[in-house]
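Enquirer: Got a structure for you, questions after.
The values are calculated or read from the model by the stated rules, or taken from the named source; none is laboratory data. Here the structure is a predicted model, which is why all the values come from computation and not from measurement. Positions of Cβ are backbone-derived with ideal geometry, glycine not excepted, and every protein chain shown enters the neighbour counts.
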Amino acid sequence: MKSFKKIKSIITPLDKINVDTDQIVPKQFLKLIHKSGFGKFLFYNWRYDENENLKSDFILNDSKYDNSEIMVTGDNFGCGSSREHAVWALQDYGFSVIIAPSFADIFFSNCFKNGLLPISLNPKTVEKLQQELDPIEVDLERQIIKTSSEEITFEIDSYKKKILLDGLDDIAQTLQFEDKISEFERNSKVPSVL
Amino acid sequence: MGKTLFEKIWESHIVVEKQNGPSLIYIDRHLIHEVTSPQAFDGLRMNKRKVRRPDLTIATMDHNVPTNDRSLPILDQTSAVQIQTLEKNCKDFGIKLFDINSPNQGIVHVIGPQLGITLPGTTIVCGDSHTSTHGAFGTLAFGIGTSEVEHVLTSQTLWLEKPKPFEIRVDGKRKNPHAVTAKDIVLSIIKNIGTSGGAGTVIEYCGQGITDLSMEQRMTICNMSIEAGARAGLITPDEKTFDYLRNREYTPKNYESLVDNWKEQLKTDNDAKFEKQFTLNIDDIAPQVSWGTNPGMTCDVTESIPSPEEFSKGDANQKKGAEKALDYMDLKPGIPITDIKIDRVFIGSCTNARLEDLIEASKVVKGQKISTNVRAMVVPGSQMVKKQAEDIGLDKIFINANFEWREAGCSMCLGMNPDILSPGERCASTSNRNFEGRQGTGGRTHLVSPVMAAAAAIEGHFVDVREMDLS
């Protein structure tokens, strides 16, 4: 995984609550067997009409946001299906940070496995950020979001922060506990399936 | 202080505990399917890693398998590749697979309990959010992403933040349990607590309204915990649980001694503390019908479509959401639910495609024909369910009523296979999600119980099944 660097960009305001992962990547694109190239399917049914033409009223289709790396959106983002394809699509499209009042649990943990930073802030702050027209800076190291007028601090679990900053392989970290896992298995009374 | 059932299972699975932050939790059972696993196996190959415990790992194909004649080739090439990829991965890494021709094939959350793989007091994960289903057995079970699938394949563990315990008490007794079902109970709960009401928690369901339910009905309740945003749902195992799992194909040999331990250990202490509580009385609840684009947008069958103002109770974001949902669903406030005409009926999914669901639905259908404007299908949750249903003649009841009788799979719950809605089609569905486009781009989903779906198929619109004789 790439290590997470400071991000500076304008924000894409997606003013919706309960955005589910079926919207982030519709199911017809889940049949691929690799992780790459999902960006073109991001919000597919919101971006394209039935003839596969871009819908002019959807925010991502406004060229002003083409280089935006930060999405600011509503409550309970990423709810529903556990599909990690949602994270792959957001990243492949170009997003590095998603800011919302809250995230669905599975989506939230999927983000950290791929180097996408989800930041949850109180609803009032999120609302204000959605209006921000100038670029903002997200500094994970210092846990600060810098806007043209203020600095907003955010919370993040220290282990997750380290994983992102160092771009660590989560599994390699876990395998350092091999002896503990083996010890647990020796004491486990749960029978095998087979 | 006492402990909740969830806390007891959690603590008995801690491999590494840290002062702050996540714990490393051992996983007793890992269920795999074709859609969320290929990239995980890719990761193993890339890093030259093995599957640590193939003996705790079980695979099947369910999400994109066609549900028509199994002897026909799979026409969708990308689906075929994904299915072949699972076959190859299972072969290469030594994992037991119930493939498309296996009598044990079916929706992963239906076959786990049916095969006795799901056990009380254990931890189960699967790259599928409806893994919460297995919680009906007193199992800590939850959905994970593909990176976590890879993590479990390699290490049989996961780093997890400890969720908070949430008690949902279901009191009372339904007057007509054939008409008001587990699906109506869980939709009522979600309607009340909202689709993120359970975020960050594991729900423990308790009360007479839960203990009265059969195991299959309890699975329907736990299945939809994720639709309330919860990580998992749990129900304390009892004699019904132990009876259900006895003598299944993979029930452990020392089952009775395990049962003795479970009886002693797997319960919430009287003085245990929950972070959150909610109580629902079900004495008078009605069959539920969803009208919007998330499962919280649900009302009684006797009600009319609410206005966005009524629904949102002053929350501007909720109001906007409801307006958009009504627009997508092509519905107007004030329309009685029973006036809504439907085009399609889907009886299936990990929520409601078990034998009991099909038996109950068949009572509505028996001797009737579906409305000429409706196309209806039954997709049993597993090949075992299909066979059991055929053994008691349910297939004939459905086929005689002009239902399509299909092979097992996830089918039109998420429309990854050819079973999809056309744009604008309106469906009464026993599945779990009414998200935009879930059952097909532009399709409109109303979530209901199997009896409500069956009755809607016959009448061509929603009806209150309490007015029918279902005994």
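Enquirer: Suppose we keep only residues that are hydrophobic (A, V, I, L, M, F, W, C) and out of contact with any Gly (no Cβ under 9 Å at 6 or more places or on another chain) within segment B:234-280. Which one would you say is farthest from B:Gly207 (Cα to Cα)? I'd like the intermediate steps shown before the answer.
Expert: Quick first cut of segment B:234-280, residues hydrophobic (A, V, I, L, M, F, W, C) only: B:234-235, B:242, B:245, B:258-259, B:262, B:266, B:272, B:274, B:278, B:280.
From the residues that got through so far, the ones that are out of contact with any Gly (no Cβ under 9 Å at 6 or more places or on another chain) too are B:242, B:259, B:274.
Values: B:Phe242: 19, B:Val259: 22, B:Phe274: 15 Å.
Only one residue tops the list, namely B:Val259.
Enquirer: Residues that are touching a helix residue (DSSP H, G or I) at 6+ places or on another chain (Cβ under 7 Å) and free of Cβ contacts under 8 Å to residues at least 12 places away in the same chain: does segment B:302-312 have at least one?
Expert: For segment B:302-312, residues touching a helix residue (DSSP H, G or I) at 6+ places or on another chain (Cβ under 7 Å) and free of Cβ contacts under 8 Å to residues at least 12 places away in the same chain: present.
Enquirer: Return a yes/no flag: does segment B:220-237 have any residue that is in contact with a Lys or Arg (Cβ under 6 Å, 6 or more places away or on another chain) and not hydroxyl-bearing (Ser, Thr, Tyr). Working first, answer last.
Expert: Step one: filter segment B:220-237 for residues in contact with a Lys or Arg (Cβ under 6 Å, 6 or more places away or on another chain), giving B:220, B:235-236.
Keeping just the survivors that are not hydroxyl-bearing (Ser, Thr, Tyr) gives B:235.
Within segment B:220-237 (the criterion being in contact with a Lys or Arg (Cβ under 6 Å, 6 or more places away or on another chain) and not hydroxyl-bearing (Ser, Thr, Tyr)), the answer is yes, since at least one residue qualifies.
Enquirer: Here is a follow-up. I need the strands (runs of 3 or more DSSP E) fully contained in segment B:258-376, keeping only those with at least 3 residues that are touching a strand residue (DSSP E or B) at 6+ places or on another chain (Cβ under 7 Å) and of a type in the set (A, V, I, L, M, F, W, C).
Expert: Working: elements: B:276-281, B:288-290, B:298-300, B:344-347.
Result: B:344-347.
Enquirer: Test each condition in (1) part of a helix (DSSP H, G or I); (2) within 13 Å of chain A (Cβ to nearest Cβ) for B:Asn223 and report the one that comes out false.
Expert: All conditions are met except number (2).
Enquirer: Okay, moving on. Can you find a residue that is modelled with pLDDT under 95, among the basic types (Lys, Arg) and over 29 Å from B:Gln318 (Cα atoms) anywhere in segment A:123-144?
Expert: From segment A:123-144, those modelled with pLDDT under 95 are none; that's our starting set.
No, that holds for no residue.
Residues checked against (1) charged (D, E, K, R); (2) surrounded by fewer than 24 Cβ atoms within 10 Å (Cβ to Cβ):
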{"residue": "B:Asp395", "(1), (2)": "yes, yes"}
{"residue": "B:Phe403", "(1), (2)": "no, no"}
{"residue": "B:Met412", "(1), (2)": "no, no"}
{"residue": "B:Arg433", "(1), (2)": "yes, no"}
{"residue": "B:Thr445", "(1), (2)": "no, no"}
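Enquirer: Is there a residue in segment A:103-111 that is within 13 Å of chain B (Cβ to nearest Cβ), of a type outside the set (Phe, Trp, Tyr), within 22 Å of B:Ser129 (Cα to Cα) and surrounded by fewer than 22 Cβ atoms within 10 Å (Cβ to Cβ)? Outline the logic, then answer.
Expert: The initial filter retains those residues of segment A:103-111 that are within 13 Å of chain B (Cβ to nearest Cβ), namely A:103-111.
Next, from what is left, pick out any that are of a type outside the set (Phe, Trp, Tyr): A:104-106, A:109-111.
Among the residues that remain, those that are also within 22 Å of B:Ser129 (Cα to Cα) are: A:104-106, A:109-111.
Narrowing the set further to residues that are surrounded by fewer than 22 Cβ atoms within 10 Å (Cβ to Cβ) leaves none.
No: zero hits.
Enquirer: Also: Quickly run through segment B:137-164 and pick out the residues that are more than 9 Å from chain A (Cβ to nearest Cβ) and over 13 Å from B:Val125 (Cα atoms).
Expert: Within segment B:137-164, B:Phe137, B:Gly138, B:Lys162, B:Lys164 qualify.
One line per residue, one yes/no per condition, for (1) touching a Cys at 6+ places or on another chain (Cβ under 9 Å); (2) part of a helix (DSSP H, G or I):
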| site | (1), (2) |
| --- | --- |
| B:Ile399 | no, yes |
| B:Glu407 | no, no |
| B:Gly415 | no, no |
| B:Pro423 | no, no |
| B:Arg433 | yes, no |
| B:Arg438 | yes, no |
| B:Thr441 | no, no |
| B:Ile458 | no, yes |
| B:Ser471 | no, no |
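Enquirer: Applying the selection to segment B:29-62, what residues are within 26 Å of the chain's Cα centre (by Cα) and hydrophobic (A, V, I, L, M, F, W, C)?
Expert: Listed by number, the residues that qualify are B:Leu31, B:Ile32, B:Val35, B:Ala40, B:Phe41, B:Leu56, B:Ile58, B:Ala59, B:Met61.
Enquirer: If you don't mind, there's one more thing I want to ask. Pick from B:Asp260, B:Asp271, B:Asp284, B:Asp300: which is within 30 Å of B:Ala454 (Cβ to Cβ), out of contact with any Lys or Arg (no Cβ under 7 Å at 6 or more places or on another chain) and surrounded by fewer than 13 Cβ atoms within 10 Å (Cβ to Cβ)? Spell out how you get there, then give the answer.
Expert: Details: B:Asp260 fails: within 30 Å of B:Ala454 (Cβ to Cβ); B:Asp271 fails: within 30 Å of B:Ala454 (Cβ to Cβ); B:Asp300 fails: surrounded by fewer than 13 Cβ atoms within 10 Å (Cβ to Cβ).
Within the list B:Asp260, B:Asp271, B:Asp284, B:Asp300, the selection yields B:Asp284.
Enquirer: How many residues are of a type in the set (D, E, K, R), at the interface with another protein chain (Cβ under 10 Å from one of its Cβ atoms) and touching a residue at least 24 places away in the same chain (Cβ under 8 Å) when one looks only at segment B:47-90?
Expert: Within segment B:47-90, residues that are of a type in the set (D, E, K, R), at the interface with another protein chain (Cβ under 10 Å from one of its Cβ atoms) and touching a residue at least 24 places away in the same chain (Cβ under 8 Å) number 4.
Enquirer: Show me the strands (runs of 3 or more DSSP E) entirely contained within segment B:91-195 in which 3 or more residues are more than 23 Å from B:Val65 (Cβ to Cβ). Talk me through it step by step, then tell me what you get.
Expert: Values: elements: B:96-98, B:123-126, B:140-143, B:157-160, B:164-171.
It comes to B:157-160, B:164-171.
Enquirer: I've got another one for you. When A:Ser81 is evaluated against the numbered criteria (1) farther than 27 Å from B:Ile193 by Cβ; (2) within 13 Å of chain B (Cβ to nearest Cβ); (3) more than 10 Å from the chain's Cα centre (by Cα), which criterion, by number, is the only one it fails?
Expert: (1)
Enquirer: Within segment A:1-39, work out how many residues are charged (D, E, K, R), touching a residue at least 12 places away in the same chain (Cβ under 8 Å) and away from chain B (no Cβ under 11 Å).
Expert: The total comes to 3.
Enquirer: Somewhere in segment B:105-120, is a residue over 30 Å from B:Phe242 (Cβ atoms) and buried (at least 24 other Cβ atoms within 10 Å of the Cβ)?
Expert: Quick first cut of segment B:105-120, residues over 30 Å from B:Phe242 (Cβ atoms) only: none.
Within segment B:105-120 (the criterion being over 30 Å from B:Phe242 (Cβ atoms) and buried (at least 24 other Cβ atoms within 10 Å of the Cβ)), the answer is no, since none of the residues qualifies.
Enquirer: Residues in segment A:139-166 that are under 22 Å from B:Asn20 (Cβ atoms) and of a type in the set (Gly, Ala, Ser): how many?
Expert: Looking only at that region, the number is 1.
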